[in-house]
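The values are calculated or read from the model by the stated rules, or taken from the named source; none is laboratory data. These figures come from a predicted structure and were not determined experimentally. Virtual Cβ from ideal backbone geometry, glycine too; neighbours counted across all protein chains shown.
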């Protein structure tokens, strides 16, 4: 039986600049170069991945414009999750400007980098989130596992907004900590408007010494919580390269879901992303 052609629901592109990408630290030499669509396509082709969703990596309107230009030029870039200033009252203006491009399918803010652990509950941020439904846009939630209680409260205030949880909320895999991430993830998954990405997990483990056995229990909890219908495959390439390879992660996910039905595998590898982002 031929493998399901996948959609990589989470990866990044950039022209490296140490000022613009200050989050790329000294211990990340693998990331200090350009990563452009031809580089990504080479990785995708090697693993039978047929489409990709480009996700913002810095919080500027210029990057969102650039990603949308790339998506118009390269058909395999099926969608863009960009950034807009959700805290500003005039956020409708850039939303109107970008939303005319059908490839803008979502928005993201780097919640994980905010000093205030309750940032996601700010009134001005919530007002910005309310604007997204008008434009049919999903919102990608990028948090650490400690933010899950606030995120549950946040999602409850927006029951009709589509949310996509990035990297399964970054569990503390390198410290072999399961609680309270497991319980909070299960609780968040009770909200039917929340989807979850199977991505970014190996970089939450020890970069040089992780094993499939150390990551698999966290994968299993995400599978149990969300089920195939609300899980989607993603690589978080090229951040992934800090701890693994595109082929290695893609192959491991395919192996881990190999016992599911073909329909369930197809759902995780492409169907969930198509539904959540309206591709």
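None of 4, 81 is surrounded by 18 or more Cβ atoms within 10 Å (Cβ to Cβ), closer than 27 Å to residue 267 by Cα and out of contact with any helix residue (DSSP H, G or I) (no Cβ under 7 Å at 6 or more places or on another chain) except 81.
Within the set 80, 84, the sole residue that is outside any helix (DSSP H, G or I) and under 28 Å from residue 250 (Cβ atoms) turns out to be 80. Restricting to segment 1-37, name every residue that is assigned to a strand (DSSP E or B) and without any contact (Cβ under 8 Å) to a residue 60 or more places away in the chain. Within segment 1-37, just 14 meets the criteria. The residues in segment 7-19 that are at pLDDT 95 or above and over 16 Å from residue 62 (Cβ atoms) can be counted, and the count is 5.
Here is the figure for segment 20-47: residues that are closer than 13 Å to residue 238 by Cα, at pLDDT below 95 and either surrounded by 14 or more Cβ atoms within 10 Å (Cβ to Cβ) or in contact with a helix residue (DSSP H, G or I) (Cβ under 6 Å, 6 or more places away or on another chain) (or both) total 4.
Here residue 115 meets each of (1) loosely packed, with under 15 Cβ neighbours inside 10 Å; (2) assigned to a strand (DSSP E or B) with one exception, condition (2).
Looking only at residues in segment 234-271 that are in a helix (DSSP H, G or I) and within 13 Å of the chain's Cα centre (by Cα), the one that is surrounded by the fewest Cβ atoms within 10 Å (Cβ to Cβ) is 239. Reported count of residues in segment 122-144, each being part of a helix (DSSP H, G or I), touching a helix residue (DSSP H, G or I) at 6+ places or on another chain (Cβ under 6 Å) and crowded, with 20+ Cβ neighbours inside 10 Å, is 1. Is it the case, given these coordinates, that residue 103 is surrounded by fewer than 22 Cβ atoms within 10 Å (Cβ to Cβ), closer than 29 Å to residue 251 by Cβ, at pLDDT 95 or above and in contact with a helix residue (DSSP H, G or I) (Cβ under 9 Å, 6 or more places away or on another chain)? So residue 103 passes the test.
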